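**Student:** Take a look at this one; I'll ask things after.
The values are calculated or read from the model by the stated rules, or taken from the named source; none is laboratory data. Values in this document were obtained by computation on a predicted structure and should not be read as measured data. Using ideal geometry, Cβ is built from the backbone for each residue, glycine included, and neighbour counts are taken over all protein chains shown. These accessible areas exclude ligands, DNA and RNA; they are computed on the full protein's heavy atoms, side chains included. Shrake-Rupley method; radii C 1.70, N 1.55, O 1.52, S 1.80 Å.
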Amino acid sequence: MTDVTDKAEAKLDRPLGQKNDPRAAKLSRASKAKQKLTSPGATVAAVIIAVIWTIPTFGLLVSSFRTPEEIRTNGWWNMFVSPSFTLENYSDVLTTQGASSANLGSYFVNSLIISVPAALFPIILATMAAYAFAWIKFKGSGAIFVLIFALQIVPLQMALIPLLQIFSSVLGISGTFPAVWIAHTIFGLPLTIFLMHNFISEIPGEVIEAARVDGANHTQIFFRIIIPLSLPALASIGIFQFLWVWNDLLVALVFSGGTADVAPLTQRLAELVGNFGRNQERLPAAAFISLVIPLIVFFSLQRYFVRGLLAGSTKG
């Protein structure tokens with residue numbers, strides 16, 4: 001009798017919002033973690049990291065407005081001593097025709113044609129696979145999921161030659177956009193499936209069960225429940241996948257064949273300097289032109305990106 005009384009008194013001593021409520025405990029832990037992350041020490045560390053990370057980019061930006069003579073003779077930090085700027089580098093990159101700077105706009109379009117489908121295809125396939133692994137029980141699902149996760153360990157470079165042989169000898173699509181799309185989809189699926197599975201599996205089971213009681217099948221549950229609830233995760237993964245494809249040189253160079261009709265902007269940036277580094281002043285300007293689309297994608301999806309990063313911190 002005494003034990004029962006002690007337990008009852010202990011429950012009464014708890015704050016009202018924490019009575020037998022595991023979500024309150026999770027919210028409390030999340031609040032403590034947030035306080036640690038927003039402490040003065042964490043803020044100072046974040047500022048220092050941001051400054052160190054920004055210095056090279058700032059130097060590249062300054063170099064893009066300097067004359068070729070200044071770039072060759074002194075460092076970009078001399079701008080603070082004797083400031084001088086020119087738009088000639090951007091004009092050369094965008095308008096000059098020649099062996100070292102030709103049709104930059106067409107390569108820009110090629111990168112868009114490569115990046116958009118190569119970001120959408122793995123996300124679509126990974127979301128369907130993640131839903132199947134999380135909410136459809138079938139024999140061997142656990143082993144298959146572990147195998148897919150283990151594929152992340154395989155170095156990308158080891159699969160380039162075998163995959164290129166399949167594309168050229170079997171499918172006959174080497175040097176085309178579909179070859180680049182398929183390659184990026186294959187390389188992006190393991191991590192994307194893993195991340196989407198972690199998010200979708202955390203969706204409360206009561207929501208799925210309620211939909212099943214109402215007579216919804218897997219297709220209806222997927223499109224009416226899973227997709228709307230997974231938008232933050234989809235946006236976050238979509239940003240990473242798009243940026244990875246946009247900035248990629250190796251995969252696109254191998255599977256596009258290096259032709260001007262298919263090759264992305266990154267290939268042109270690598271070729272832009274010319275022989276013996278004669279046109280190195282054009283490279284910083286071209287690099288910043290290539291940043292336009294990634295910045296638009298990031299800032300347009302930023303709110304979903306932040307929600308996707310924090311989605312699992314307070315989920316019950």
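**Student:** What FRET efficiency would be calculated for the residue pair V109, E69, taking the C-beta separation as r and a Förster radius of 35 Å, to the nearest 0.05?
**Tutor:** The pair V109/E69 has a calculated efficiency of 0.60.
**Student:** Could you check how much of the accessible area of segment 103-313 is carbon and sulfur, as a whole percent, using a 1.4 Å probe?
**Tutor:** 70 percent
**Student:** What length, rounded to one decimal in nm, is gained on full extension from N198 through to I153, with 0.36 nm per residue of separation minus their alpha-carbon distance? Could you put the intermediate results ahead of the total?
**Tutor:** Working: separation 45, 0.36 × 45 = 16.20 nm, distance 1.84 nm.
Taking 0.36 nm per residue and subtracting the Cα distance, the gain is 14.4 nm.
**Student:** Figure the gain on full extension for V44 and I173 (residue separation times 0.36 nm, minus the Cα-Cα span) and round it to one decimal in nm.
**Tutor:** 41.3 nm
**Student:** Another question, if that's okay. How many nm separate the modelled label positions at V213 and I227, each set 7 Å beyond the Cα in the direction of the Cβ?
**Tutor:** The answer from the label model is 2.6 nm.
**Student:** At R0 = 35 Å, how high is the FRET efficiency between S91 and I296 if r is their beta carbon distance? Nearest 0.05 is fine.
**Tutor:** Details: r = 23 Å, r/R0 = 0.65.
It comes to 0.95.
**Student:** How large is the accessible surface of H218 in square angstrom, using a 1.4 angstrom probe and rounding to the nearest 10?
**Tutor:** Using a 1.4 Å probe on the heavy atoms, I get roughly 80 Å².
**Student:** Okay, moving on. Expressed in nm to one decimal, what extension gain is obtained for the pair A143 and L250 from 0.36 nm per residue of sequence separation less their Cα-Cα distance?
**Tutor:** Net length gain for the segment: 35.4 nm.
**Student:** Quick check on segment 175-227: take the gyration tensor over C-alpha atoms, sort the square-rooted eigenvalues as a ≥ b ≥ c, and tell me if it's rounded (a/c under 1.5), prolate or oblate.
**Tutor:** It is oblate, given that a/c is not under 1.5 and a/b is not larger than b/c.
**Student:** Same structure again: Given R₀ = 25 Å, FRET efficiency for L61-A270 by Cβ-Cβ distance, to 0.05?
**Tutor:** Result of the calculation: an efficiency of 0.80.
**Student:** Per residue, how much accessible area does segment 103-313 show when a 1.4 Å probe rolls over the protein heavy atoms, in square angstrom? Don't jump to the answer; show the numbers that get you there.
**Tutor:** On the way: 10760 Å² over 211 residues.
Dividing the accessible area of segment 103-313 by its residue count gives 51 Å².
**Student:** Determine the order of R303, R224, R72, R268 by accessible area, beginning with the largest, at a probe radius of 1.4 Å. Working shown, then result.
**Tutor:** Working: R303 150, R224 180, R72 125, R268 20 Å².
Highest to lowest solvent-accessible surface, that is R224, R303, R72, R268.
**Student:** Taking θ = phi - 60°, what integer Hz values does the Karplus form 6.51 cos²θ - 1.76 cosθ + 1.60 yield along segment 257-263, in sequence order, with x for Gly and Pro?
**Tutor:** So the Karplus estimates, Gly and Pro as x, are x, x, 7, 5, 6, 10, 4 Hz.
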